[in-house]
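Note sheet for the following structure.
The values are calculated or read from the model by the stated rules, or taken from the named source; none is laboratory data. What you are looking at is a predicted structure, and each value in this text was computed from that prediction instead of being measured. FYI the Cβ positions are ideal-geometry reconstructions off the backbone, even for glycines, and counts take in every protein chain you see.
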Amino acid sequence: MQESSLHRSGTHKLYESLGYGLDKVNGYVEDVVVDAEFQSQGIGRQMIEYAIDVCRKNGCYKMVLSSSLKCERAHQFYENLGFEKHGFSFLIEI
């Protein structure tokens, strides 16, 4: 196994929400990954807290994220951070 200094990754995006008469910004987080060797050390929590802080500083009214249906540990992690399940996510592979 090659040694690497990258033990985590994630993507955070800010979007203007123009639907439903809202002229607000919302945050979206995806691809949050912490290498298995480094899980349960608070790294994922720091990543999400950082994203929440960026959203607050940019006036976001909400932050959403997506997670694969099979990632039940991740779902519990997000719920422990205060996230709520609120809908469905759909995709089409192209």
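Descriptive notes on the structure:
- Residues considered: Y20, Y50. Of these, the only one that is modelled with pLDDT of 85 or more, hydroxyl-bearing (S, T, Y) and assigned to a helix (DSSP H, G or I) is Y50.
- Residues located in region 34-93, provided they are within 14 Å of the chain's Cα centre (by Cα) and among the polar types (S, T, N, Q): Q46, S66, S67, S68, Q76, N80, S89
- Hits in region 57-87 (condition: within 21 Å of K24 (Cα to Cα) and surrounded by 11 or more Cβ atoms within 10 Å (Cβ to Cβ)): N58, C60, Y61, K62, M63, V64, L65, S66, F83
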